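The values are calculated or read from the model by the stated rules, or taken from the named source; none is laboratory data. For clarity, every value in this text was computed on a predicted model and none was experimentally measured. Note that each Cβ is placed from the backbone with ideal geometry, even for glycine, and that neighbours are counted across all protein chains shown.
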């Protein structure tokens, strides 16, 4: 394969094109209709009337406020909880347990987590059953609005819980880079408490490394659809949900208003980022003196208490939410305030097996194909780095994040406009490609470290033995990195399974997956069936991760060093 | 087997400043030229350059010739240089036989290749080890497999990068004898870098202090 190196060097360009083109085309495809131009829908004149229509949409102020506030509040809460968790537990024995409990929760799809949380905290949910009637005195479900409270508390809570594992894992990857262990040890030997030492000695170095993931969290939180549909208020909903509703409106002229709404969403998200950025400036200005004030133990006990409380609370709520899903899926008649459904029945599972076939197979095939595409491109990019002998530039790394930094609803809608304009069929290929777009950043982030860290002498030994670059790639690198590659695949598969909006929009609503079904069911009344779909949605990524861990152990059961990790 | 000498023709390696290494030398077939010096003078960088793996940030001038062939014009995998590191670096995902077969040139039936692997194992006193996991071998056994893997690739010259420094004293003598005997028998021009004077003396060839 003499063309291997030439071919592999082209891969980064293909990957960048896959990431940039849809985003740019999508944005372009949303700008024109927002100003009236969309011939396929009869829009052939430039006009501002759709903006006027958007401006007079009922509740627009509330929509914007909801998006901004829930997004910023959940990002801030996530950052505070993760920071306190790290400050309290870093380099302690409990940290290993926390890590093992939180990491798998990253794979829980947003919709499943939101459904679990809704079922836990709703007035007739597991939480209020557990305290009734012996503590609360409630013989009937209490009267409070959850989920769907008008200020978006439920929504912010759901977003926070789901983002904690993500930010925690990103921080864990960044900690060695900023020599957190040494910094903490140094600070503590100078007499700083664990919280003060972490905040003053580690955080200033850690924050820049987790800034990009945080921005991705803000973008997601201000513009997400499925969590907002399940946990957010509905009249008015957050802006992004309203945009999706307008898109689905039978009156096609509403598409123009949706396009304008998408642009407004970009503005709102950009505004949230700007506010956050100003907050960063402010904190760094105000914090400069605090860093040098020499106080070593101020607020130490409060910080530790909060850190412990919030960490275990977050884990507890997530675990209880998932446990509640299992109970609901098995519940027959379950009157309030019983905490345990009796008798247990498989009725909902049997009911689901009849209708679940198509969405299950769609979910799996799309997930596998999108992950396959993303893995090939990721491996190609990383192998190209080896041959170019330098890592991807900072700009390229930023582009990898691009699909996570632009609100989905904005550019996906634009892609749909192109689809209609060009008369292309909505369906499986378009949905798969759009999933690959969101999977690629995650597979890359997951695999890059292990790939780059592999001892270069393995390649050199193979080359001096006469192996060509292609043969080194196939016979040395891929098998030796099989375990991290499988994990990256499992991460990608989980991301694809969680996707809601790309499936809905590029599949034109006709392609169903477990996620679209679960979100649809959640707005209906059947908790039992909803729970079954959410559990299926949860089980698939779990299965992926189980395989990714088990397969290498099976393959390499006679290869001691492959199991001990000496090879990487 | 090989009769061509290895020549270093005014090789200079720089790292954005004055040359770290500036050397001209000729190594006859079967001869072992030892480069000695403290760590950090760029001995290993010189070997890496000859093998075709000059690290990023270094520049090299001059030519490396094997007989009439200018090795600088060939990619690493076509230079046919046997490189031994201080670690045996047996591929952990292959068994011992697989590691040896990886070194052998392609061709021959499955059976012929297996026979060749077994003969090679007999040769280094490891008969019947073909299906063993390299992770279960002792340090000395790994070193012998690594040597045999290099020899099976039919190199035309050898590069030894502190090859004995991680072995304990008893093994070290044994490995030295084995390696040097093969080099002389096969007539391979050899470049060895080390900071152990005993290596240099055992090699019995010329010594260049860096």
Just to be sure I understand the filter: pairs with C-beta atoms under 6 Å, separated by 6 or more residues or on different chains, first member in region B:129-141 and at the interface with chain A (Cβ under 9 Å from one of its Cβ atoms), second member surrounded by fewer than 18 Cβ atoms within 10 Å (Cβ to Cβ) and at pLDDT below 95. Which pairs pass?
B:133/A:558; B:133/A:560; B:135/A:560
Here are the criteria: (1) more than 20 Å from the chain's Cα centre (by Cα); (2) closer than 30 Å to residue A:14 by Cβ; (3) surrounded by 15 or more Cβ atoms within 10 Å (Cβ to Cβ). Tell me which single one residue A:387 does not satisfy.
(3)
Flag for residue A:37 being free of Cβ contacts under 8 Å to residues at least 40 places away in the same chain, over 27 Å from the mean Cα position of the chain (by Cα), over 23 Å from residue A:241 (Cβ atoms) and loosely packed, with under 12 Cβ neighbours inside 10 Å:
no
Pull up region A:388-398, narrow it to residues that are away from chain B (no Cβ under 11 Å) and touching a residue at least 60 places away in the same chain (Cβ under 8 Å), then point me to the one that is farthest from residue A:473 (Cα to Cα).
A:398
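Would you call residue A:192 outside any helix (DSSP H, G or I) and surrounded by 21 or more Cβ atoms within 10 Å (Cβ to Cβ)?
On the way: outside any helix (DSSP H, G or I): yes; surrounded by 21 or more Cβ atoms within 10 Å (Cβ to Cβ): yes.
Judged against the criteria, residue A:192 is a match.
For residue B:107, state whether it is farther than 18 Å from residue A:473 by Cβ and either touching a helix residue (DSSP H, G or I) at 6+ places or on another chain (Cβ under 7 Å) or facing chain A (nearest Cβ under 9 Å) (or both). Walk me through it before giving the result.
Details: farther than 18 Å from residue A:473 by Cβ: yes; either touching a helix residue (DSSP H, G or I) at 6+ places or on another chain (Cβ under 7 Å) or facing chain A (nearest Cβ under 9 Å) (or both): no.
It is false that residue B:107 is farther than 18 Å from residue A:473 by Cβ and either touching a helix residue (DSSP H, G or I) at 6+ places or on another chain (Cβ under 7 Å) or facing chain A (nearest Cβ under 9 Å) (or both).
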Quick check on region A:451-473. Is at least one of its residues away from chain B (no Cβ under 14 Å) and in a helix (DSSP H, G or I)?
yes
Which numbered condition residue A:329 fails, given (1) touching a strand residue (DSSP E or B) at 6+ places or on another chain (Cβ under 7 Å); (2) part of a helix (DSSP H, G or I):
(1)
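Return the residue satisfying two criteria in turn: it lies in region B:159-187 and is within 14 Å of another protein chain (Cβ to nearest Cβ) and in contact with a helix residue (DSSP H, G or I) (Cβ under 6 Å, 6 or more places away or on another chain), and of such residues it is nearest to residue B:64 (Cα to Cα).
Here is the first cut: in region B:159-187, the ones within 14 Å of another protein chain (Cβ to nearest Cβ) are B:159-163, B:166.
In the following step, the residues that additionally are in contact with a helix residue (DSSP H, G or I) (Cβ under 6 Å, 6 or more places away or on another chain) were identified as B:159, B:161.
Numbers: B:159: 13, B:161: 17 Å.
Among them, the one singled out is B:159.
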Which of the residues that make up region A:510-568 are within 14 Å of another protein chain (Cβ to nearest Cβ) and in a helix (DSSP H, G or I)?
A:551, A:552, A:553, A:554, A:555, A:560, A:561, A:562, A:563, A:564
Output the helices (runs of 4 or more DSSP H) that fall wholly within region A:47-114 and possess 2 or more residues being out of contact with any helix residue (DSSP H, G or I) (no Cβ under 8 Å at 6 or more places or on another chain) and more than 24 Å from residue A:168 (Cβ to Cβ), or say none.
A:49-55, A:60-89
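Take the conditions more than 10 Å from chain A (Cβ to nearest Cβ), more than 29 Å from residue B:200 (Cα to Cα), surrounded by 19 or more Cβ atoms within 10 Å (Cβ to Cβ) and under 19 Å from the mean Cα position of the chain (by Cα) and apply them to residue B:101. Does it pass? Before the answer, list the steps.
Values: more than 10 Å from chain A (Cβ to nearest Cβ): yes; more than 29 Å from residue B:200 (Cα to Cα): yes; surrounded by 19 or more Cβ atoms within 10 Å (Cβ to Cβ): yes; under 19 Å from the mean Cα position of the chain (by Cα): yes.
Yes; evaluated as a whole, the condition is true for this residue.
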Out of B:163, B:92, B:105, which single residue is closer than 23 Å to residue B:76 by Cα, in contact with a strand residue (DSSP E or B) (Cβ under 8 Å, 6 or more places away or on another chain) and in a loop (DSSP other than H, G, I, E, B)?
B:163
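So, of the residues in region B:86-98 that are within 7 Å of chain A (Cβ to nearest Cβ) and in contact (Cβ under 8 Å) with a residue 40 or more places away in the chain, which turns out to be nearest to residue B:53 (Cα to Cα)? First the steps, then the outcome.
Taking region B:86-98 as the starting set, the residues that turn out to be within 7 Å of chain A (Cβ to nearest Cβ) are B:89, B:91-93.
So of that shortlist, the ones also in contact (Cβ under 8 Å) with a residue 40 or more places away in the chain come out as B:89, B:91-92.
Details: B:89: 17, B:91: 19, B:92: 22 Å.
Going through the qualifying residues, I end up with B:89.
Residues B:8, B:83: which one is in contact with a helix residue (DSSP H, G or I) (Cβ under 9 Å, 6 or more places away or on another chain), within 12 Å of chain A (Cβ to nearest Cβ), modelled with pLDDT of 90 or more and assigned to a strand (DSSP E or B)? Explain how you work it out, then say what you get.
On the way: B:8 fails: within 12 Å of chain A (Cβ to nearest Cβ).
Among B:8, B:83, only B:83 is in contact with a helix residue (DSSP H, G or I) (Cβ under 9 Å, 6 or more places away or on another chain), within 12 Å of chain A (Cβ to nearest Cβ), modelled with pLDDT of 90 or more and assigned to a strand (DSSP E or B).
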